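Read the structure below first, then the notes.
The values are calculated or read from the model by the stated rules, or taken from the named source; none is laboratory data. From a predicted model like this one, the values you see are computed outputs, not experimental measurements. For neighbour counting, all protein chains shown are included, and Cβ atoms are generated from backbone atoms with ideal geometry for every residue, glycine included. Ligands, DNA and RNA are excluded from the accessible area calculation, which covers all protein heavy atoms including side chains. Shrake-Rupley method; radii C 1.70, N 1.55, O 1.52, S 1.80 Å.
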Amino acid sequence: MIVTIEGIYQNGQIELTQLPQNMSDRTQVLVTFLEPGKIDPTKLSQLIDKLETIAGIQQGFEELNAGQTRPIGDFGQGMQQKYDISG
């Protein structure tokens, strides 16, 4: 899972604007330094969305490879029953 949290680097320390939820104490992170005034906030938000989408796809492949998925037929039947759709 990828979680993006904004922070400020100052005096050799990174201060996060919020604490991440559901993360262990020793979670690997990547830190990207942005030049002040050089990044369009809208484009940054779009890039974050893309990263989170890629992480979701990667998680799906990992679940597929680990056999943690169900056959598409079972999914279709479940949706038909849940939403009262005749097949």
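Reported value for the chain: 169 Å³ per residue, from the convex hull of its C-alpha atoms. Backbone geometry of region 11-24 corresponds, through the Karplus equation with coefficients 6.51, -1.76 and 1.60 at θ = phi - 60°, to 3J(HN,Hα) couplings of 6, x, 10, 10, 9, 7, 6, 8, 8, x, 9, 6, 10, 6 Hz, x marking Gly and Pro.
Bridgeable aspartates and glutamates around Lys82 (alpha carbons under 19 Å apart, same-chain partners fewer than 8 residues away excluded): Asp74. In the context of the full set of protein chains, residues of the chain present 97 Å² of accessible surface per residue (probe radius 1.4 Å, heavy atoms only). Rounded to the nearest 20, the size of the Cβ-charge dipole of the chain about its Cα centre is 100 debye, with Lys and Arg at +1 and Asp and Glu at -1. Nonpolar atom fraction for the chain, defined as the carbon and sulfur part of the 1.4 Å probe accessible area, stands at 52 percent.
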